[in-house]
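The values are calculated or read from the model by the stated rules, or taken from the named source; none is laboratory data. All values derive from a computational prediction rather than experimental measurement. Please note: Cβ atoms are built from the backbone with ideal geometry, for glycine as well, and neighbour counts cover all protein chains shown.
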Amino acid sequence: MTEMLASDKDKTRVNLPMPYGWFHVLYSHELEVGQSKPLNYFDQELVAFRTESGVAKVVDAYCPHMGAHLGYGVRSHSGTGAAVVGESIVCPFHGWQYNGEGQCTKIPYSAKVPPRIQRGEQVLGSWQVREMNQTIMVWYHPEGIAPLFEPELIPEAAADNDAWTAPHIVSRDIYTHMQEIGENAVDAAHFHFVHGTDEIPEVAAQVFDGHSMHGSLSTRQPTPRGVVDANIENRSVGPGLSHVWFTGICDTLLLASLTPVTKTHTRANYAYIQKKEALAGGNAKLGAALLANLDRQQAEDIIIWNRKKHYKRPLLCNADGAFMQFRRWYSQFLVE
């Protein structure tokens, strides 16, 4: 008997609304000057483009003129995104141009333009964008509310920070709600049973503060050089952006970004950077082994996530950790 795909039954496994917040849509290097790309997030079609001045913009996908998709070019742009001219993206159907604020900046074949365009009104949906940490992020709220908080700048992740390596990037599609994935941050026990660690890490800290959350786990890790004391420190800003520091073996920073494609389809983007100093003196293999181990752990987690059912009131024991505190914190981002 063939197992039903998780995506076919995900709506019966977990029934939670899509969270609001800042969410990764592209890495900076994936969008060059003058380039546009289609996106599919938040159960919507979007288009990202980088203007000739180098600014990343995100707008709704469909031209308000006659409904053409702005993320797919024709003729010389066939197979890529639509053309970008100056600060505007060009509709491939009739050449109408739109800036990143959703205003129509040009209709190339008509001297007269519709009154809304003449008045400079927004006619195309546009999105709040932040570009930092080598990542392009957009703000999503189901009610269209303006940003309630800001993403955090991570100096280690700056493209010009020569003390840290270029990102090692892993992207995965996970067929469950983002909250189910985020709960791992407070689940120390699963490290032993899912990932085979010798012992359950000790929770050193767990703090929920406004739109952010911070946690710290202490553990002892076996390495080719013997068992070492290690630490995993996690900081989340909203439901979509987490920064995880692994210290003790080889200083490694994980920028973990979760973005909802739909309510029960999450795209996870994991970017690892490592301190170059920690890789010196023959430690490069140790650093690579750490990344391989973390990648294996993600694959193991996905086996669970793609198939587990969400219980509103799980049967918990005293040693299970701060699950309900996490859920209370996370609930602020869930709007029906």
Problem set entry | Boolean, Ala185 is under 25 Å from Trp305 (Cα atoms) and at pLDDT below 95 | yes
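Working only within segment 65-78, note down all residues that are of a type outside the set (A, V, I, L, M, F, W, C) and farther than 14 Å from Val47 by Cα. I'd like the intermediate steps shown before the answer.
Pass one, segment 65-78, residues of a type outside the set (A, V, I, L, M, F, W, C): 65, 67, 69, 71-73, 75-78.
Matches in segment 65-78: His65, Arg75, Ser76, His77, Ser78.
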Seminar exercise, completed: Selection from segment 189-210 of residues touching a strand residue (DSSP E or B) at 6+ places or on another chain (Cβ under 8 Å), surrounded by fewer than 16 Cβ atoms within 10 Å (Cβ to Cβ) and part of a loop (DSSP other than H, G, I, E, B) yields Asp198, Glu199
Problem set entry | Residue count for segment 300-315, restricted to those that are in contact (Cβ under 8 Å) with a residue 12 or more places away in the chain and either under 26 Å from Gly21 (Cα atoms) or not assigned by TED's automatic domain parsing to the domain that holds Val194 (or both) | 9
Exercise. Which one of these is closer than 30 Å to Asn234 by Cβ, buried (at least 17 other Cβ atoms within 10 Å of the Cβ) and aliphatic (A, V, I, L, M): Val90, Val129?
Worked result: Val129
Exercise. Does any residue in segment 214-242 that is more than 16 Å from Asn283 (Cβ to Cβ) and outside the structural domain of Thr259 (by TED's automatic domain parsing) come within less than 8 Å, Cβ to Cβ, of a residue that is modelled with pLDDT under 95 and surrounded by 17 or more Cβ atoms within 10 Å (Cβ to Cβ) six or more places away or on a different chain, and which pairs are these?
Worked result: none
For this session: Of all residues in segment 1-24, count the ones that are touching a Ser or Thr at 6+ places or on another chain (Cβ under 9 Å) and either over 30 Å from Leu153 (Cα atoms) or modelled with pLDDT under 90 (or both).
Result: 7
For this session: Of the conditions (1) touching a Pro at 6+ places or on another chain (Cβ under 7 Å); (2) closer than 20 Å to Met132 by Cβ; (3) not acidic (Asp, Glu), Leu46 clears all except one; give me its number.
Result: (1)
For this session: Would you please name the residue that is farthest from Ala158 (Cα to Cα), looking only at residues in segment 25-73 that are assigned to a loop (DSSP other than H, G, I, E, B) and acidic (Asp, Glu)?
Result: Asp43
Exercise. If Glu143 satisfies every condition in (1) over 30 Å from Leu254 (Cα atoms); (2) of a type outside the set (S, T, N, Q); (3) assigned to a strand (DSSP E or B) but one, which is the exception?
Worked result: (3)
Exercise. Does any residue in segment 275-288 that is in the same structural domain as Trp245 (by TED's automatic domain parsing) and of a type outside the set (A, V, I, L, M) come within less than 7 Å, Cβ to Cβ, of a residue that is surrounded by 15 or more Cβ atoms within 10 Å (Cβ to Cβ) and assigned to a helix (DSSP H, G or I) six or more places away or on a different chain, and which pairs are these?
Worked result: Gly287/Ala278; Gly287/Leu279
